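One structure is given below, encoded as structure tokens.
Every number in this text was worked out from the coordinates using simple rules, so none of it is lab data. Keep in mind the model is a prediction, meaning the values are calculated, not measured. Cβ placement follows ideal geometry from the backbone for every residue including glycine, while neighbour counts extend to all protein chains displayed.
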Amino acid sequence: MAARLQRHYPRRAGKGGGMKLLSARQRRWLLVAVSLAVVLPLVYVILSGALGGAKTPQSYPDAEQYGFTSENAPAPQFQLPLLDQHGDLQLSSLKGRPIVLNFWASYCDICRQESPAIAKVADAAGSKVRFLGVDTEDEQGAALKFMSRYGITYQVVSDVNGVVAAKYGVPGLPVTVFISATGKRILGINIGALTVSSLTSILHRLYGAAA
């Protein structure tokens with residue numbers, strides 16, 4: 001970038017003028033200063049676009065708070081490929097029973113702490129509640145190993161580009177969304193890790209005897 005800059009030096013004033021020609025060392029420092037003034041703003045713009053412009057899902061109003069909050073909002077509909085099976089799954093196909101969406105990824109440390117608890121509660125709930133994992137912006141091989149390691153036996157879909165996570169305003173992982181049996185309403189959202197106790201409590205609170 002510096003090679004393209006035209007060098008501007010102060011001219012020698014006529015006799016009696018007070019301005020002197022800059023030394024070679026001063027000219028080098030001036031060139032460096034001008035180059036930085038041009039290059040640094042460009043670097044900032046590029047990095048801002050690369051780091052901040054991508055993958056910025058809309059957050060819930062209370063996304064800064066961790067834990068459970070009640071909601072009453074439409075549940076965005078979606079269709080995604082199953083992670084460990086052939087074919088796709090539509091959210092609407094799960095209607096008829098309460099639905100629990102758990103957004104996670106194999107690279108998420110907190111998800112590793114949470115997943116065994118969700119798997120345990122899902123097994124205990126049996127057919128009363130439909131659990132669906134949403135593997136978010138992950139690699140299939142790593143995600144399959146994660147499922148095996150933490151005993152996830154319920155269905156998992158692959159949201160490889162984070163499209164559904166963005167629709168649900170997921171601010172980070174893990175996030176669990178509780179949906180009505182109609183499959184059309186969000187009843188609650190939990191941001192952060194769930195435990196067996198907290199998840200069981202939320203299920204009873206939202207779905208009562210149905211859970």
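Full extension from N161 to R185: what is 0.36 nm times the residue separation minus their Cα-Cα distance, to one decimal in nm?
Additional length available on full extension: 6.3 nm.
Using modelled amide H (1.01 Å from N, peptide plane; none on Pro or chain starts), what sits under 5 Å from the amide H of V160, excluding residues fewer than 5 places away?
The list, which skips near neighbours in sequence, is E137.
Among the aspartates and glutamates, which have Cα under 12 Å from the Cα of K167 when same-chain residues fewer than 8 positions away are ignored?
D159
Please state the charge dipole magnitude for the range 76-138, taken about the Cα centre, from unit charges on C-beta atoms (+1 on K and R, -1 on D and E), reported in debye and rounded to the nearest 20.
Charge dipole, the range 76-138, about its Cα centre: 460 debye, nearest 20.
Highest first, please rank the peptides 137-145, 156-164 by the mean number of other Cβ atoms sitting within 10 Å of their residues.
156-164, 137-145
Exposure proxy check: H86, H204 ranked by fewest other beta carbons within 10 Å?
If I rank by nearby Cβ atoms, fewest first, I get H86, H204.
Provide Y150, Y107, Y168 in ascending order of the number of other Cβ atoms located within 10 Å of each residue's Cβ, fewest first.
Y107, Y150, Y168
What shape does the range 67-210 take by its C-alpha gyration tensor, where a ≥ b ≥ c are the square roots of the eigenvalues and a/c under 1.5 counts as rounded, a/b above b/c as prolate, and the rest as oblate? Provide the component values of the computation, followed by the final result.
On the way: a/c = 1.37, a/b = 1.20, b/c = 1.15.
Verdict is rounded for the range 67-210.
Which cross-chain or sequence-distant (5 or more) residues have an amide H under 5 Å from the amide H of D84, H modelled 1.01 Å from N in plane?
Amide H neighbours of D84: V156.
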